[in-house]
Every structure is written in structure tokens, then in C-alpha cells.
Amino acid sequence: MKTPVPDYLDEVLDSLRGDTGGANADYIPELAAADPERFGMALTTTLGRTYAAGDADTEFTIQSISKPFAYAAALIDRGHDRVLEAVGVEPSGEAFNELSLEGETHRPKNPMINAGAITTHALLAGAGAGPDARVERAVTFFSRLAGRDLRVDERVCASELASAHRNLALAYMLRTYGILDDDVPSVIEGYTRQCAILVSVRDLSVMAATLAAGGIQPVTGERVMDPAVARHVMAVMAAAGMYDAAGDWLTRVGIPAKSGVAGGIVGVLPDLVGIGTFSPSLDSHGNSRRGRLVFERLSRDMGMHLFSSD
Ligand code: GLN
């Protein structure tokens, strides 16, 4: 690459600014009001160097990008066997809010869809932990990954909670199958708070770089999780992070990733780099439209496809 990285990143954003397709998520009223012009990206290497462009410090709610990181915390808190007993690792091929359960066990198919993420949230902070401890665990763990103190956006959280009927319905189904055994409304409130944690693309890139570095936060140098946890989380992201577009994403982009309805996408290339993008307008799968185009460019221009051999 002859051009310096920051110039290249600016050029990528500029080349895609004209793409105004898609639409903000509107089932959470506060997200519908987000400025669709916002556009930012950041890359952090496993050596801890960050390159950023556009709206790199604009905060937005993490939403479903919280799922792989909460999954990592649950694996740490409860161990592999207990977590796998509750949530599978198979791609569902369905939308994020489908009730995709496995036939015999009734486990949610994976932790990247809502049913699996709600179950994962309920596993946080050890057996018997209450709703506040679970949220606290998510906020402090994500803060360690980002290297700064993160907080919940109360307006977005309240806005989603006021119409969280579908997630409540998913959780009540999980409760009837014995997958959840907690008070359903407080699990959904906690899960919704986890989704409303504010991050920037800079934060996302550092959080992802921690996975890429096998669990060592590359800026603070702190070991945040074992390499086996990081590997497991990245593998599940590759299989299921992009919901019903996961196969298309893995073949075309080839970067394990996770999207959120606020417009963020996080991507991770093991041993190399963590990537964060933000643009609120979504495609029909609920993935950020311009974010996806950025990932396609990076994959093509920088040879970032996991399976590329050139
Ligand atoms: N909080 C959102 C929900 O549970 C997250 C969904 C998403 O980002 N895809 O519906």
C-alpha cells in the first residue's frame, strides 16, 4: 500500500459517502432519529496502534455487537460446558430476532441471535447473580476491553424497553423450556441495558483487537481473557455474526464480524487487526449498509479475506 493508512481510510469513506440507500432501524424510536450522515471507521492492530477516519469518536449504542463480548464474559464466568449447555454454536440462517432453537435441547442455536444473547446475558457474573450484577459485569468487562469507562445511554435503553415485546416473548419461550430460570422482565431489562452501552468505532476496533491478540488488550497490555475464549468467540462470529447474511459475508468479505442495529459493525482478523465501522442506515438483513461496503473495500484492497492466499 503506497498511500499512508490515514489517507487511504479517508478515501474509502469519501468514496462511499454518496451511498444513501437503506434506512435507520425504526423499531427502537431513538435509533430512527440518528443522523444518517454519520460515518466513521477505525482499525487497531494487535500491537495497539489505531488508525481512524471520519466520525471516529461519535458514540452510538453497541446493540448486538455486545453479543460476542458478553459471550466471552459468560465463558469466563461460567465455563465452556455450562455456556454450551445453554446456547449452541450453529448458524441459524435466520433473522436476529427469530426464535431459532435446536430441536431436542431447545437451546438457542447460537449466542449472536437475540434468543441466544438473552440466555447468555442471564449467565453473566456467576450463578445466582442478580440483574444489577449482570449489567455491571457487562459494563466493566466492555470498559476493560475498550480501555476506558463506558456507560449506558438511558434514553435509547428506555426507548427500546418501551417496545421490547418481541424480546420478552422470546425470553418467556426460553423460560417455558427451562433454558432461562430467572425473572423474565429483569433479564430483558438487563440485556437491553447491555445493548445500550455507548461506544465509538475507536472503542470497537480496540475491543476487537483484543480478540485478535488472543485476549490481550493491545493498548493497556492487560490479559482480559484466555486465548481459548478469544478463539471460540471469533469462530462463532465467523459462523453466525451476520445472521442470515453470514455465509454471504464470510465468502465475500471473509472477516469474522458482528453488526448492531444502531449501525456499528465490528470485525476481527486473528493476529492482525480489529476493525470498527459506523453508519446508521441498514440493509434488509439489519446490517449497516455503508459499513458493509467499507468491509468489502478493506477485504479487497488490503487482502484481508481470512481465506485469501495472495
Ligand atoms: N437491542 C436490539 C434487540 O435486541 C439489538 C438487535 C441488533 O442489534 N441486531 O433487538
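The values are calculated or read from the model by the stated rules, or taken from the named source; none is laboratory data. Since we're looking at a predicted model, the values are computed, not measured. All Cβ positions, even for glycine, are placed from backbone atoms using ideal geometry, and neighbour counts span all protein chains on display. For accessibility, only protein heavy atoms count, side chains too; no ligands or nucleic acids. Shrake-Rupley method; radii C 1.70, N 1.55, O 1.52, S 1.80 Å.
Please determine whether any residue of the range 167-182 is away from the ligand (no atom under 14 Å from the Cβ), in contact with a His (Cβ under 7 Å, 6 or more places away or on another chain) and open to solvent by less than 90 Å² (accessible area, probe 1.4 Å).
Yes, because at least one residue in the range 167-182 is away from the ligand (no atom under 14 Å from the Cβ), in contact with a His (Cβ under 7 Å, 6 or more places away or on another chain) and open to solvent by less than 90 Å² (accessible area, probe 1.4 Å).
G247 - would you say it is under 22 Å from G93 (Cα atoms), out of contact with any helix residue (DSSP H, G or I) (no Cβ under 7 Å at 6 or more places or on another chain), more than 16 Å from the ligand (Cβ to nearest atom) and not hydroxyl-bearing (S, T, Y)? Spell out the reasoning first.
Values: under 22 Å from G93 (Cα atoms): yes; out of contact with any helix residue (DSSP H, G or I) (no Cβ under 7 Å at 6 or more places or on another chain): yes; more than 16 Å from the ligand (Cβ to nearest atom): yes; not hydroxyl-bearing (S, T, Y): yes.
Considered against the rule, which asks whether it is under 22 Å from G93 (Cα atoms), out of contact with any helix residue (DSSP H, G or I) (no Cβ under 7 Å at 6 or more places or on another chain), more than 16 Å from the ligand (Cβ to nearest atom) and not hydroxyl-bearing (S, T, Y), G247 comes out as yes.
Among the residues of the range 30-39, is any modelled with pLDDT of 95 or more and more than 16 Å from the ligand (Cβ to nearest atom)?
yes
Of everything in the range 37-73, what is within 18 Å of P4 (Cα to Cα), in contact with a Pro (Cβ under 7 Å, 6 or more places away or on another chain), open to solvent by less than 40 Å² (accessible area, probe 1.4 Å) and of a type outside the set (S, T, N, Q)? Give them in sequence order.
Across the range 37-73, the qualifying residues are G48, A53.
Within the range 97-119, which residues are open to solvent by 30 Å² or more (accessible area, probe 1.4 Å) and either part of a loop (DSSP other than H, G, I, E, B) or of a type in the set (K, R) (or both)? First the steps, then the outcome.
Going residue by residue through the range 97-119, those that are open to solvent by 30 Å² or more (accessible area, probe 1.4 Å) are 97-99, 101-107, 109.
If the condition is that a residue be open to solvent by 30 Å² or more (accessible area, probe 1.4 Å) and either part of a loop (DSSP other than H, G, I, E, B) or of a type in the set (K, R) (or both), then N97, E98, L99, E102, G103, E104, T105, H106, R107, K109 are the ones that fit.
If we scan the range 131-153, do we find a residue that is crowded, with 24+ Cβ neighbours inside 10 Å, more than 14 Å from the ligand (Cβ to nearest atom) and either part of a loop (DSSP other than H, G, I, E, B) or of a type in the set (S, T, N, Q) (or both)?
Checked the range 131-153: no residue is crowded, with 24+ Cβ neighbours inside 10 Å, more than 14 Å from the ligand (Cβ to nearest atom) and either part of a loop (DSSP other than H, G, I, E, B) or of a type in the set (S, T, N, Q) (or both).
For V224, all conditions in the list (1) within 12 Å of F69 (Cα to Cα); (2) within 13 Å of the ligand (Cβ to nearest atom) hold save one; what is the number of the exception?
(2)
Taking strands (runs of 3 or more DSSP E) that do not extend beyond the range 252-294, which have at least 1 residues that are touching a Pro at 6+ places or on another chain (Cβ under 6 Å) and either open to solvent by 10 Å² or more (accessible area, probe 1.4 Å) or within 14 Å of the ligand (Cβ to nearest atom) (or both)?
Qualifying strands (runs of 3 or more DSSP E): 257-259.
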